[in-house]
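Before any comments, here is the structure.
The values are calculated or read from the model by the stated rules, or taken from the named source; none is laboratory data. Every value quoted in this text rests on a predicted model; they were computed, and no experiment measured them. For neighbour counting, all protein chains shown are included, and Cβ atoms are generated from backbone atoms with ideal geometry for every residue, glycine included. Surface areas here come from the heavy atoms of the whole protein model, side chains and all, with no ligands, DNA or RNA. Shrake-Rupley method; radii C 1.70, N 1.55, O 1.52, S 1.80 Å.
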Amino acid sequence: MTAIVDYGAGNLTSVRLAFAALGHEARVTSSVNDIEEADRIVFPGVGAAKSAMENLVRLGLVDALKKAAGEKPFLGICLGMQILFDRTEEDGGVDCLGLVPGRVRRFPAAGGCKIPQIGWNDVHEAASGNRVPGLGEYYYFVHSYYAEKGPYTAGVTEYASVEFTSIVQKGGIFACQFHPEKSGAAGLELLKGWLERC
Amino acid sequence: MLTKRVIPCLDVRKGRVTKGVKFQNNVDLGDPVEMALAYSDGGADELVFYDITASAEHRPIDIGMVEAVAKAIRIPFAVGGGISCVADMERVILAGAEKVSVNSLAVRNPGIIAEGAKAFGAQCIVLGMDPVKSGNPACPSGYEITTRGFRDFTGMDAVEWAKMAADLGAGEIVVNSVDADGTRAGFEKQITRMIAEAVGVPVVASGGAGKPEHFPEVFKETNCDAAIVAGMIHSGEYSISQIKEAMLAAGVSVRIRRTRT
């Protein structure tokens, strides 16, 4: 069973429908039991980091998610990727799950770039040489904050004169800043590849 | 590099896509879900649906259609028309739409923009506006906001309204020129440029697209982020690929999927 974790951080309809389009029925859940029993975890999210972290604590999901991320395939999407890192400067600074080393920062306002970044941008190979499937394609992004590059960066994208982490991979964790569920054929292929690998 | 978006607009009337000039003389174009699929496969970056008769008929938006579209396509889409409160926005978003668009409602009640942005995030709230060239001294930009399908003049300045809406939390602004709408003579670049320079959120040019060259033109001559296409592709005269090829040829950043061998 694939568990899509529902922790009150945005609408999960598109994520569920994307898996359904691949013939894969995933379960949207807030239950620790489901996370423990799942074969793989999808951890989406849009919105603010602070309320997302507060919700995870309130729902008692933090330990279960940390454990799952060390044991089984774990797919983070958008805010669900950002809060895997140590800390974000959003909302005055919020400690996150610390599953991947690194920090999340706001795009610089200078330079006339609009914030949030909204639209299709390309993802290419990171200097780390940490190669993953899905590079060299355009995906749909919506975000004001970005993860700095680090040792586990596997895909990078440029916006507002910043090259940031758009795919990160560490052990069983694979996470992306963009929305594969809204990224057309390229996004579906990425999700299909992830399901096939795990 | 972030690409410039091409967004087909589908006006839905009684469950069918229609197209009329200045909201008149509507002709039937087809089924919304089938058209959404065809455009998504054809390279559309996003779609927008307007349930154009919902407000006039005082009924809520057709949620069944939103659900069917969400099930069929894997690209973002916005829905407008028939939104009268935050609960309507929620229904549309939970049905699978990425964004909701408000227009006349926001003119009557600007607070709806802030309420929607607070509930769902600014990226979900699109302000649609229908500016027309105007000599009204209350409108120093030279453009006045109209509502209800261009029928009512509001006395509101288009650029001031765009700034206010962005401050309230609109995540994107669609500038639909009344003067250019349906003419197929090209986008109205002056008002698009003024608004794209005045606000810090993405701006979408709308109204007047008639041939592929109009797209590189508006992207090069204004700072807009996306442009709406309707009649010229609905008629079958042009394709999205032709628009994107024209953008590429002019050096505009564009998403064209590389074919794998």
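For the range B:110-147, the set of residues classified as open to solvent by 40 Å² or more (accessible area, probe 1.4 Å) and either among the hydroxyl-bearing types (S, T, Y) or free of Cβ contacts under 8 Å to residues at least 24 places away in the same chain (or both) consists of B:G135, B:N136, B:P137, B:A138, B:P140, listed by residue number. Taking the range B:49-88 as the range and being more than 14 Å from chain A (Cβ to nearest Cβ), under 19 Å from the mean Cα position of the chain (by Cα) and open to solvent by less than 50 Å² (accessible area, probe 1.4 Å) as the test, the residues that pass are B:F49, B:D51, B:I52, B:T53, B:A54, B:I61, B:M65, B:G80, B:G81, B:G82, B:I83, B:D88. A:K170 meets all of the listed conditions (1) at pLDDT 95 or above; (2) closer than 18 Å to A:H24 by Cα; (3) among the basic types (K, R) but one, namely (2). Selection of first residues in the range A:31-45 that are surrounded by fewer than 17 Cβ atoms within 10 Å (Cβ to Cβ) and of second residues that are in a loop (DSSP other than H, G, I, E, B), restricted to Cβ pairs under 6 Å at least 6 apart or on distinct chains, gives the following pairs, ordered by first then second residue: A:D39/A:M1. Filtered by the rule that a residue be within 14 Å of chain B (Cβ to nearest Cβ) and either touching a Gly at 6+ places or on another chain (Cβ under 9 Å) or part of a loop (DSSP other than H, G, I, E, B) (or both), the range A:151-180 gives A:A160, A:S161, A:S166, A:Q177, A:F178, A:H179, A:P180.
For the range A:181-196, the criterion of being away from every other protein chain (no Cβ under 14 Å), more than 18 Å from A:M81 (Cα to Cα) and not in a strand (DSSP E or B) is satisfied by at least one residue.
The residues on offer are A:D86, A:D122, and the sole one that is within 14 Å of chain B (Cβ to nearest Cβ), open to solvent by 10 Å² or more (accessible area, probe 1.4 Å) and assigned to a strand (DSSP E or B) is A:D122. Quick check: is even one residue across the range B:79-87 polar (S, T, N, Q), under 26 Å from B:K4 (Cβ atoms) and either assigned to a helix (DSSP H, G or I) or modelled with pLDDT under 95 (or both)? Checking the range B:79-87: not a single residue is polar (S, T, N, Q), under 26 Å from B:K4 (Cβ atoms) and either assigned to a helix (DSSP H, G or I) or modelled with pLDDT under 95 (or both). Of the numbered conditions (1) more than 15 Å from the chain's Cα centre (by Cα); (2) farther than 29 Å from B:E115 by Cα, B:V159 satisfies every one except a single condition; which is it? That leaves (2) as the condition not met. Of the residues examined, B:E197 is not one that is touching a helix residue (DSSP H, G or I) at 6+ places or on another chain (Cβ under 6 Å), surrounded by fewer than 16 Cβ atoms within 10 Å (Cβ to Cβ) and not small (G, A, S).
Taking the stated definitions as given, is B:G169 open to solvent by less than 20 Å² (accessible area, probe 1.4 Å) and over 16 Å from B:E188 (Cα atoms)? Judged against the criteria, B:G169 is a match.
Would you confirm whether or not the range B:240-256 contains a residue that is at pLDDT below 95 and within 14 Å of another protein chain (Cβ to nearest Cβ)? Yes, there is a match, as at least one residue in the range B:240-256 is at pLDDT below 95 and within 14 Å of another protein chain (Cβ to nearest Cβ). Among residues belonging to the range A:14-48 that are assigned to a loop (DSSP other than H, G, I, E, B) and hydroxyl-bearing (S, T, Y), point out the one that is farthest from the other protein chains (Cβ to nearest Cβ). Residue satisfying both the conditions and the ranking: A:S31.
Within the range B:134-142, can one find any residue that is under 30 Å from A:G187 (Cα atoms), touching a Gly at 6+ places or on another chain (Cβ under 7 Å), among the small types (G, A, S) and away from chain A (no Cβ under 14 Å)? Checking the range B:134-142: not a single residue is under 30 Å from A:G187 (Cα atoms), touching a Gly at 6+ places or on another chain (Cβ under 7 Å), among the small types (G, A, S) and away from chain A (no Cβ under 14 Å). Evaluate the range B:148-160: report whether one residue or more is within 14 Å of another protein chain (Cβ to nearest Cβ) and either buried (at least 22 other Cβ atoms within 10 Å of the Cβ) or aliphatic (A, V, I, L, M) (or both). Checked the range B:148-160: no residue is within 14 Å of another protein chain (Cβ to nearest Cβ) and either buried (at least 22 other Cβ atoms within 10 Å of the Cβ) or aliphatic (A, V, I, L, M) (or both).
One residue alone among B:K163, B:K211 is under 20 Å from A:G112 (Cβ atoms) and surrounded by fewer than 18 Cβ atoms within 10 Å (Cβ to Cβ), and that residue is B:K163.
Output the residues belonging to the range A:136-150 that are away from chain B (no Cβ under 14 Å) and not in a strand (DSSP E or B). Passing the criteria: A:E148, A:K149, A:G150. Scanning the range B:93-115 for residues that are aliphatic (A, V, I, L, M), under 18 Å from the mean Cα position of the chain (by Cα) and within 10 Å of chain A (Cβ to nearest Cβ) turns up B:I93, B:A97.
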